[in-house]
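Everything on this sheet refers to the single structure shown next.
The values are calculated or read from the model by the stated rules, or taken from the named source; none is laboratory data. For clarity, every value in this text was computed on a predicted model and none was experimentally measured. Heads up, the Cβs are rebuilt from the backbone with ideal geometry, glycines too, and the neighbour counts pull from every protein chain shown. What goes into the accessible areas is simple: the full protein's heavy atoms, side chains included, and nothing from ligands, DNA or RNA. Shrake-Rupley method; radii C 1.70, N 1.55, O 1.52, S 1.80 Å.
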Amino acid sequence: MSSTLPPKPDIARLEAELALLRGVLDAAPARVCVISRERRYLYVNLEFSDFAGRPPEAIIGMTTVELIGPELAAKLLPVSDRALAGEVVRMEGWVDYRKNARRYIAYTFSPFGPQGVPAEAFINSMRDLTDLKRREEEAAAQRAHLRAILEGIADGVNIVGPDARLVLANRGFMRMYGFPEHLGAPGTPVADFGRDRIRRRDFHASADPQRAEEELVAARVAHIMAAPGGRFEEKRPDGRVVEVRRERLPDGTLVNTYIDITARREAERAQRASRDALRRS
């Protein structure tokens, strides 16, 4: 009676595959670890051990409380429980480490095994986004500062990106041209401002009111985005005169300022009329 024995595993091949997987994980820019249900480290990649300041063999077997402290371990406990239950959980936010100060981390917790099935361990993959987040926060702070300055200017200001979309506009500009408030949101296409003016019969001096709306809008957007920097005056339908100053930045961004010079022009006319009357006398 004969029996068929299972083939012997190719130990060399398995070791080579394992070395390849470890090499891939060690080269990954993310910090990766595998943690057991008892919250002990089973595996860490080089990025993780470098951040922890310990060699991998010193971390393996430690508990999360021992490595990252009881406070942070307690915060991550509910999320890791969900991963052990078979769920993939993603989260990000600021984390206060005992040795590495404050960092902004994007976490992925996933079961060590098939999803939807309880596992005996979970994988924790972490991407450190601290530098990116700090740049974003600095840019947001600078933007808020700039907006506060622009809002304090009585006259109008707007900035248009090279993609023909609004970067920002202050209230003075929106009031000066009678635009509805929602158009002032960053990212609004310049074309939307053109449509609003046309529908209010507020045509530019060079526009032909007989042309189709979209033709007028397209022509106006093309004119604005191609116009060089400089200064010109625009007469509004109600008789006001607005001086427009346009500066084009190297990347194509347009910075436009609007000054109501109606009173100045009226004073100049009155002065000329007075001189003419004096000469006639």
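Observations
- Residue satisfying all of: in the range 11-60; at pLDDT 90 or above and exposed (fewer than 13 other Cβ atoms within 10 Å of the Cβ); nearest to PHE109 (Cα to Cα) among these: GLU38
- Looking only at residues of the range 173-217 that are more than 28 Å from the chain's Cα centre (by Cα) and among the aliphatic types (A, V, I, L, M), we find that the one that is nearest to ASP238 (Cα to Cα) is MET176.
- Complete set of residues in the range 194-218 that are out of contact with any Lys or Arg (no Cβ under 8 Å at 6 or more places or on another chain), among the hydrophobic types (A, V, I, L, M, F, W, C) and without any contact (Cβ under 8 Å) to a residue 24 or more places away in the chain: ILE198, ALA212, LEU216
- Residue within the range 259-281 that is within 29 Å of the chain's Cα centre (by Cα), open to solvent by less than 60 Å² (accessible area, probe 1.4 Å) and not small (Gly, Ala, Ser) present: no
- Every residue from the range 105-119 that is open to solvent by 20 Å² or more (accessible area, probe 1.4 Å) and in contact with a strand residue (DSSP E or B) (Cβ under 9 Å, 6 or more places away or on another chain): THR108, SER110, PHE112, GLY113, VAL117, PRO118
- Restricting attention to the range 64-89, the residues being among the basic types (Lys, Arg) and at pLDDT below 95 number 1.
- The selection criterion, being surrounded by fewer than 16 Cβ atoms within 10 Å (Cβ to Cβ), β-branched (Val, Ile, Thr) and modelled with pLDDT of 90 or more, holds for VAL244.
- Any chance ALA205 is open to solvent by 50 Å² or more (accessible area, probe 1.4 Å), hydrophobic (A, V, I, L, M, F, W, C) and under 19 Å from GLU243 (Cα atoms): yes
Let's see how each residue does on (1) in contact with a Cys (Cβ under 6 Å, 6 or more places away or on another chain); (2) among the charged types (D, E, K, R); (3) in contact (Cβ under 8 Å) with a residue 24 or more places away in the chain:
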site	(1), (2), (3)
LYS75	no, yes, no
VAL88	no, no, yes
ASP96	no, yes, yes
ARG127	no, yes, yes
ALA144	no, no, no
ALA148	no, no, no
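- Flag for LEU84 being open to solvent by less than 30 Å² (accessible area, probe 1.4 Å) and more than 26 Å from PRO114 (Cβ to Cβ): no
- Some residue of the range 184-199 being open to solvent by 20 Å² or more (accessible area, probe 1.4 Å) and polar (S, T, N, Q): no
- Applying the set (1) open to solvent by 20 Å² or more (accessible area, probe 1.4 Å); (2) in contact (Cβ under 8 Å) with a residue 12 or more places away in the chain; (3) small (Gly, Ala, Ser) to GLY172 leaves exactly one unmet item: (1).
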